[in-house]
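One structure is given here, and the rest of the page talks about it.
The values are calculated or read from the model by the stated rules, or taken from the named source; none is laboratory data. Model, not experiment: these values are computed from the prediction. Cβ atoms come from the backbone with ideal geometry, glycine included; neighbour counts cover every protein chain shown. Surface areas here come from the heavy atoms of the whole protein model, side chains and all, with no ligands, DNA or RNA. Shrake-Rupley method; radii C 1.70, N 1.55, O 1.52, S 1.80 Å.
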Amino acid sequence: MISPEITVTLVVMVITTILFATEWINIGVTAIAGMLALTVFGVISPKEALEGFTTTAIITVAFMFILSDTVLRTGALQHFAFSIEKNFSKNFKRSLFVMMLIIALASAFINNTPVVAIFIPVVIQLAYSTKTDARKLLIPLSFASIFGGTCTLIGTSTNLLIDSLAQKQGFSGLSLFAPAGVGVILLLAGTCYVVFIGIHVFSRKKDKTGTSNFSHYHVELETQQDYPEKTITSEIQKLRLPLSSVTHSGHKRFRITCTFEELTTLLQRLRNTPSIFTVRNSFSSTDSETSITEVSVPYHSELEGKTLAELNYIKSFRARPVGLAAIRSTSSIWEHPLHTGDKIIFQVRRDHLESFLQLEKSVRSPITFLSKNHIIDFNRGKFLFILLVFLLLFSTTSIGLIDFTTGSLYSVILLVISRQVKIRQLFTAVNWKVILLLGGAYSIGIAMSNSGIDQILANAILENLTDYGPVVVLSAVYLLTSILTEFMTNHAAAAMITPLSLLIAQKMGVAPEPFVITVLFASSASFMTPTGYHANTMVYGVGNYRYADFLKIGIPLNLLFWLLSTLLIPLFFPF
């Protein structure tokens, strides 16, 4: 007979899985609601519910958010990213391979979400300058961050969650570079697959810029009075606009389609040449000098759902939206609710440009700049000092002088004392949604053990596979975790499978390390869907991908990682 605890746990797991996959409700709120439901129905105690927020994993994740944010503020990643741009026109595949290795290296030590956010504008500009389909660069960007994140214990917050849940079950814990042996091989294999095989699935027709059509902007021109059609035509020709790109969109208004470069030229002509036209919402020609910036709406931006007319808070930066490239068709650019991946052109007063650029210095910036001229200046001295702090942290923890949580705490304190980070940045740098998600996911793992679901699943797996040996069982655990990760958050999948995998190892009488490592890799190996991993979701909108694009490139990669992990993990971590 199924116990009430099992029923409650299964219901909570099903509901949270659906909400995680659809994100109808904020995933952090979903995780906390699931934790509260398990507490109210007595599956876990109040102490166990709060235990997830007091583990060393959660504390370490918070400190790593701060350390990552400090590195981002030096402009180092932007500097290194743009330094490889000139090589793409010479040898595309070699340059793509190098770019993926750089991203993977950064993601092994820095939270990979901001790493992807920083490289997105670089990739877009590479597509513009090399006339390459941007889809051949954006998915490699996302996948490289996933590859790198699995190479160290701190590469992703999921790794730390798995280690913390395993330690609660009596596991001794993983060292900082424990996953590196398997991780580096998977990184090289995955990168070779993407560069030499995977990107060739993108064969849709490209426009002249080498990117999707949504890179063309819709802009509205206005006149002060009605003019005869002959005058309108003459003025359009004087501004060197193709007549085919101009349509009448309403009283005294005309809609044009143009690229970012064409709009920049048009605004310059309107500034220097008398015309009956003005660009709607632009500064007048008598205003001080202005700059034109091209931005994208990132994943979970506060701009989502707003229209261009509602971007009033931007006014404090003297920045006005003048053009929109929407990933969904729209009749009026001023009434179109913004979505992830939409691009906006802002005209900014030159004397307010620097303050406008400060928006991107936040990890959760509402916009991502796509213009190369607006990347944060590289502070070499600050970067070298922070690099020294990182090296000190990794060396002292690697030799066992201090544990990593304590070391990361000392590192943050050192950065505060040296004035490399301000007190208020300690709070803004932390992604609190992830913290809530980790705490809630931790309670699901505890509920699996308390309710006995892990026992039932472990017995079911062992009854069918134990005769084939531990390698086959380990392979099945990897496959189960990987499938769950594609349809819910990787944190939730890890929380569900970690206690199960440890119980399987215990029942089989084998070492737990191979199974912990298996869950670590499988919970991050999300390549088939744009929703399984945040990095995939970020590039999905910007790259104008179809869902099928991820299936085409991701299914073979998932199978490759599954087979390689099945072979490699027992070699590096014997049973």
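If only residues of segment 42-72 that are open to solvent by 10 Å² or more (accessible area, probe 1.4 Å) and of a type in the set (Asp, Glu) are counted, the one that is nearest to Trp432 (Cα to Cα) is Glu51. Of the residues making up segment 477-491, those that are open to solvent by less than 30 Å² (accessible area, probe 1.4 Å) and at pLDDT below 90 are Thr481, Ser482, Thr485, Glu486, Met488, Thr489, Asn490, His491. Set side by side, the residues Ile84, Ile120, Ile102 differ, and just one is modelled with pLDDT of 70 or more and surrounded by fewer than 20 Cβ atoms within 10 Å (Cβ to Cβ), which is Ile102. Within segment 171-184, the set of residues being touching a residue at least 40 places away in the same chain (Cβ under 8 Å) and either within 13 Å of Ile517 (Cβ to Cβ) or of a type outside the set (A, V, I, L, M, F, W, C) (or both) comprises Phe171, Leu174, Ser175, Phe177, Ala178, Pro179, Gly181, Val182, Gly183. Pairing residues of segment 42-59 that are closer than 13 Å to Leu165 by Cα with residues that are assigned to a loop (DSSP other than H, G, I, E, B) and of a type outside the set (Gly, Ala, Ser), at Cβ distances under 8 Å and at least 6 apart in sequence or on separate chains, gives Thr56/Asp403. Consider segment 408-418 and keep the residues that are within 16 Å of Phe394 (Cα to Cα) and among the polar types (S, T, N, Q). The one that is nearest to the chain's Cα centre (by Cα) is Ser408.
Is it the case, given these coordinates, that Ala458 is open to solvent by less than 20 Å² (accessible area, probe 1.4 Å), without any contact (Cβ under 8 Å) to a residue 60 or more places away in the chain and not β-branched (Val, Ile, Thr)? Judged against the criteria, Ala458 is a match. Looking at Ile327, is it within 28 Å of the chain's Cα centre (by Cα), part of a helix (DSSP H, G or I) and at pLDDT below 75? Against the criterion (within 28 Å of the chain's Cα centre (by Cα), part of a helix (DSSP H, G or I) and at pLDDT below 75), Ile327 does not qualify. Kindly indicate whether Ile32 is of a type in the set (Val, Ile, Thr), in contact (Cβ under 8 Å) with a residue 12 or more places away in the chain, open to solvent by 60 Å² or more (accessible area, probe 1.4 Å) and in a helix (DSSP H, G or I). No; evaluated as a whole, the condition is false for this residue.
Among the residues of segment 498-538, those identified as assigned to a helix (DSSP H, G or I) and open to solvent by 10 Å² or more (accessible area, probe 1.4 Å) are Leu502, Leu503, Gln506, Lys507, Met508, Glu513, His534, Thr537, Met538. Here Leu465 meets each of (1) free of Cβ contacts under 8 Å to residues at least 12 places away in the same chain; (2) open to solvent by less than 50 Å² (accessible area, probe 1.4 Å); (3) under 25 Å from Thr60 (Cβ atoms) with one exception, condition (3). Picking from residues in segment 419-448 that are in contact (Cβ under 8 Å) with a residue 12 or more places away in the chain and not in a helix (DSSP H, G or I), the one that is nearest to the chain's Cα centre (by Cα) is Asn431. May I ask you to list the residues in segment 381-422 that are over 15 Å from Leu72 (Cβ atoms), in contact with a helix residue (DSSP H, G or I) (Cβ under 7 Å, 6 or more places away or on another chain) and among the aromatic types (Phe, Trp, Tyr)? Correct list: Phe404 only. When Lys433, Lys372, Lys361, Lys382 are checked against the criterion of being modelled with pLDDT of 80 or more and of a type in the set (D, E, K, R), Lys382 stands alone in meeting it. Counting only residues that are open to solvent by less than 80 Å² (accessible area, probe 1.4 Å), out of contact with any strand residue (DSSP E or B) (no Cβ under 6 Å at 6 or more places or on another chain) and more than 28 Å from Phe356 (Cβ to Cβ), which one in segment 242-293 is modelled with the lowest pLDDT? Ranking the candidates gives Pro242 first.
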